[in-house]
1. A:Asp608 - would you say it is of a type outside the set (Lys, Arg) and within 28 Å of A:Gln112 (Cβ to Cβ)?
2. Can you tell me which of (1) touching a strand residue (DSSP E or B) at 6+ places or on another chain (Cβ under 8 Å); (2) open to solvent by less than 50 Å² (accessible area, probe 1.4 Å) is the one A:Ala278 doesn't meet?
3. Would you be able to say whether some residue in the range A:229-239 is exposed (fewer than 15 other Cβ atoms within 10 Å of the Cβ) and without any contact (Cβ under 8 Å) to a residue 40 or more places away in the chain?
4. Any idea which residue in the range A:476-500 is most open to solvent (accessible area, probe 1.4 Å), counting only those that are under 37 Å from the mean Cα position of the chain (by Cα) and of a type in the set (D, E, K, R)?
5. Before we move on, is A:Tyr103 open to solvent by 50 Å² or more (accessible area, probe 1.4 Å) and assigned to a helix (DSSP H, G or I)?
6. Against the condition open to solvent by 10 Å² or more (accessible area, probe 1.4 Å) and under 13 Å from A:Asp121 (Cβ atoms), how does A:Tyr36 come out, does it pass?
7. Hey, A:Gly148 hits all of (1) farther than 30 Å from A:Gly423 by Cα; (2) assigned to a loop (DSSP other than H, G, I, E, B); (3) more than 15 Å from RNA strand B (Cβ to nearest atom) but one; which does it fall short on?
8. Does the range A:113-133 hold any residues that are open to solvent by less than 10 Å² (accessible area, probe 1.4 Å) and assigned to a helix (DSSP H, G or I), and which are they?
Amino acid sequence: MRPERYNFREAEPKWQQVWRERDTFKTQEADARQKYYVLEMFPYPSGRIHMGHVRNYTMGDVVARYKRARGFNVLHPMGWDAFGMPAENAAMQSKTHPAKWTYDNIDTMRAQLKSMGLSLDWSREFATCDASYYKHQQALFLDFLAAGLVARKQSRVNWDPVDQTVLANEQVIDGRGWRSGAPVEQRELTQWFFTITKYADDLLAALDTLDRWPEKVRLMQANWIGRSEGLLVRFALANDGKRTNANEIHVYTTRPDTLFGAKFMAISPEHPLARELAHYDKGLADFIADCERRGTSEAAVEMGEKRGYDTSLRAVHPFDSNWTLPVYVANFVLMEYGTGAIFGCPAHDQRDLDFANKYGLGNIPVVCPLDVEPEKFVITDTAYDGPGRMINSRFLDGLTIEEAKEEVARRLEAQTLGNAPQGERKVNYRLRDWGISRQRYWGCPIPVVHCDKCGTLPVPKDQLPVTLPEDVTFDRPGNPLDHHPTWKLVACPACGGPATRETDTMDTFVDSSWYFARFTDPWNADAPITPPVANRWLPVDQYIGGIEHAILHLLYSRFFTRGLRDTGHVDLAEPFAGLFTQGMVVHETYRSGSGAWLSPAEVDVQADASSRRAFAKVDGAPVEIGAIEKMSKSRRNTVDPDDIIQSFGADTARWFMLSDSPPERDVIWMEEGVQGAARLVQRLWRVVGDLKNAALGGNGAAGEPTEGARVVRKASHSALIKVEQDFERLHFNLAVAHIRELTNALTDALDEVETGDIAADLCAAFREAADILVQLFAPMMPHLAEECWADLGHASLVAEAPWPVADRTLVIESMISLPVQVNGRKRADLVIERDADQAAIEAATLALDPVQRALAGKAPKKIIVVPQRIVNVVA
RNA sequence: GCGGACGUGGCGGAACAGGUAGACGCAAGGGACUUAAAAUCCCUCGACCUUCAAGUCGUGCGGGUUCGAGUCCCGCCGUCCGCACCA
C-alpha cells in the first residue's frame, strides 16, 4: 500500500543501508568503462560538519551520481585533512590528546556525512594523521630532497605569535595569520623549503591549459606568481672604498628606458650594504632600527610615508661616468623583491616622485605623451607612466618606450663593468619558495637528523615512518616535540654517533598536496602512489571546493604534482583538469535590543506585504534583522546540518542547497526556502504516484496517437535534454527549475484526464514521464528517488540505472509560435508551420490585427525574418 | 593605486551564440476545502494608465552601433573580490 506521505525518516536510513550492503558506490578497478574522478576538497575534522560542507559535498555527489548514470566508472572518495593547530589548541584547553580529539571528531563527522546519503567509496577513506599516510609523505619528502626540490635555508620568515609557528607567504592574509588572525611578525630562522620557484614559469604558463578552471582563479595564481621581464643593471660606486668593501649596487628594473630620468639610488634597510654601512654610521643604524620597529605589516597597512637616509655614497650612471647619483637607504624598498635596490626615476614612478619631492631631488621627464610638446612637459606631483616618446635621453630620444628598453638592454649587455656585462636581461617572480617548517607537534615529522659531525642527513627510508611520540605535554608554549625528553635523541644514520631529530613538522598543506593521488590506491603499503593506477585515474576530472584555496592549496598541489612527476610517482603535471569553486552559505543575522547576537533558532520572523520583522521566541521582544553574512559562530547565524536533516531529511537539505542560487555564488539559507523544498519532496511523491495510477487507468484501446501523449512526451524529453545540459555545466539551480517545470507540466496534464479513460499511448507517456522525472531528480534527492523507483515497480536501484536517452525528435513541433515585433517592440505571436517560407511568414505577419494597428495604415519598409526565432516589421 | 567580477521585480534568480525581459522558486495579497488548523488546490503579483480592449515606461546612469541591446562599444556611478610601496 502506497502511503500518502513520503516518510524520509524511514526511507533515508533504509536506502543508505541498501547502498552499503550492495556496495553500490564501491569503485571497481577492473572496469573497462571510461573513468571519471570527482573529488571535493576533503574536510578538516573540526568537530561537526557545517553547511558549507553540505553544499560542497552535495554538489560533488550530484556530479558523481550523474556521471555514474551516464556510464562512467566513477571514483568518488572521502578522507580527512587531519593534522593542524586546532587539535593542539584543544589539547591545551581540555587536556585531550590531539589524536583522540581528531579521531573522535572524524567519527562524528563521518556519521554526519553518511546521513547525507553521499555516494562515496568509503573503502578508500584515510586521515592524513594516520602513520600509514604520513609515512609515505615522509618518503616523498626524501625523494624531493634527493631531486633538489627541498632546501634548508636561513631567511626572514613570517612568525605567528599566537600559533607559535612559521607561516608561508600564502598563509598571511592582510598581514595576519590565516588561522589565528594574529598580526604576523618577521623572524630570521633556518627553515625547510620546497623550491616551488623552480617551477614558477611552468606553473604560470600551464595556467593557459586549465580551460576548465575559473578564469578568476587562474588570474589570481598568475598575479601571485607575478612574472616580470626586466634588466639587471650593475651600478659602480664612485667612492674610494674607505667605508665599504662594496663597489657595486645591483638593480632590477622593468623600466630601463627611463635610465636617463634617474635622480637617486635607493636600497632596502635590510640590504647587506645598508647593514655594513650601519656599522660606521650611527644615524643610519638608528634609521634602520626605526624601520624595523615600524614593521612590515604595519607599514603595509598604513602605506606609510616614504622615508630615506642619505648614505653619502654616489653611484655612477651606466651611460655617463661623470654623472653620479646619491645612494639612499629607503623604507619603501623591499629586500624580498628583485635585488633589494632600485634606481629612482621620479618623473615616471609615483613612489620615486614622492620620495624625490620630499628630499628635493628634482626630476627629469624622459617619456613625453604624444599629444604634449616636449618643452612644455613638466612633472610636479603626479608621475607619468603612460605611453609616449623618449626625450632628454641622448641616444634614446624619439624612440618608443619598447624601443628604448631594447636599446638600453642591448647596450648594457655589450658594455662591461669590471670583467662582466653591465646589464643582463632577467625574468623576475613575486613567488617565493614554500616554507614548510612548522614548530608544532600535530603534523608530519620532517624525516631528517642533525649530526654535529655529519651535518643534516635524511632518515633512511627503511626507518620510516618517523612517528610522533604519544606522550607529549602541552603545558608550555613552543613545540612539544622540542620539549620531549627523549624523542629527538637518535643515532646518526651515517656515523652512529649521537644526533638529534628535526623537530619541525610539515605544513599541513603538504598533506593535502597529494591526497588525491593516494585515493587512487590507498592500500599500497610499500609506496605512496602506485603509478599505473594513479596514471589511470588522474587527473581529477572535477574538483570542487571553496575559493579560499584559489592560491594556497591549489598552487601547492600543482607544484607538488610536478614534483611527483619529476620523482617518478606520476606521469602528469596538472592534478585537477576541472575546478569548480562554490560560494558560501550565508544567513541573516539577528540582534536583541541589548545588542546580543541571537541564533536563527531563537527568532521568529514574520512578514507582511510591506515589511519583515523578527521577534525573540523566548519573550516576544522585537529583534533587529541584521546583514546577511557568512555563517559564523561569532555572529551566531549558523544552522546545524544535523538539525536540518533531522527535521526535514537529507534530500530536502540537498535540494535547497542547490536550488536557490547559482553554485558559484553565495546561497542564502532561509527557513522558508527549506520549507519550499520539503513541500516539493511531498509533491514529487504525489505526482509520481498519480502518474503511476494514470498509467494503469487506461481504456485499453490502442488507437490514433493523441495530442495529450505528444504533449507529455515533449515535456519529459525536453526537460531531460535541459537537465542533462544543466548537470554537465554544473548549473544545479537551473536543473532544479527545469525539474519543477516538468513537474508543473505533468500536473497540468494529469488534471486534464479522467482516470479509467486514458488513451493507451497517453498511459505509456505517463509511465515514461514517471521514470524520467525520478531519474532527473535522483542525483539531487537520491533517497526519495529510490523510494519512487521501487514504487514504480523497478527491481533494481535508480542509483544503478542508466541515464534515459532523450528523443530529440519529440521536441520539434510542426507548428511554431514566432514572436512578431514592429520596430523592435513585440506586438503579437504568429503561429505558423515550422517550415513556412519567407513570403508566407511575411503575408501572415501583415495579416495580424496587432501588426495592422501598430502600422496604422503605413506600409512596412522591411520585414526581417529570423528563421525559427522572430519576425520584425520595420515601419 | 593595480587587476578582476558584478549591477534585472519586495527577495533569490532565469534569459544558450544580439532575437518574446522577469523562467523557476521564496515572500505577499485574495479565494476554495475544513467546526478549526495543518496539508492541498485555484487566482493576482515590475511600474503607470485602464471597466474592457489596448497602450506607455522599464534590466545602475548618460551616449552609441543595430531592423532589434539585459547581452556589443564608449564614458560615468555603485557593490564585491584579489593583490598591494613588486622597482
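The values are calculated or read from the model by the stated rules, or taken from the named source; none is laboratory data. Please read all numbers here as calculations on a predicted model, not as lab measurements. For neighbour counting, all protein chains shown are included, and Cβ atoms are generated from backbone atoms with ideal geometry for every residue, glycine included. For the accessible areas, the whole protein counts, side chains as well, though only heavy atoms, and no ligand, DNA or RNA atoms are used. Shrake-Rupley method; radii C 1.70, N 1.55, O 1.52, S 1.80 Å.
1. No, not satisfied.
2. Every condition holds for A:Ala278 apart from (1).
3. No, every residue in the range A:229-239 fails to be exposed (fewer than 15 other Cβ atoms within 10 Å of the Cβ) and without any contact (Cβ under 8 Å) to a residue 40 or more places away in the chain.
4. Within the range A:476-500, the subset under 37 Å from the mean Cα position of the chain (by Cα) is A:476-482.
Narrowing the set further to residues that are of a type in the set (D, E, K, R) leaves A:476, A:482.
Details: A:Arg476: 127, A:Asp482: 70 Å².
Within the range A:476-500, the match that is most open to solvent (accessible area, probe 1.4 Å) is A:Arg476.
5. yes
6. Here the answer is yes, as A:Tyr36 does meet what is asked.
7. (1)
8. Within the range A:113-133, A:Leu113, A:Arg124, A:Tyr133 meet the criteria.
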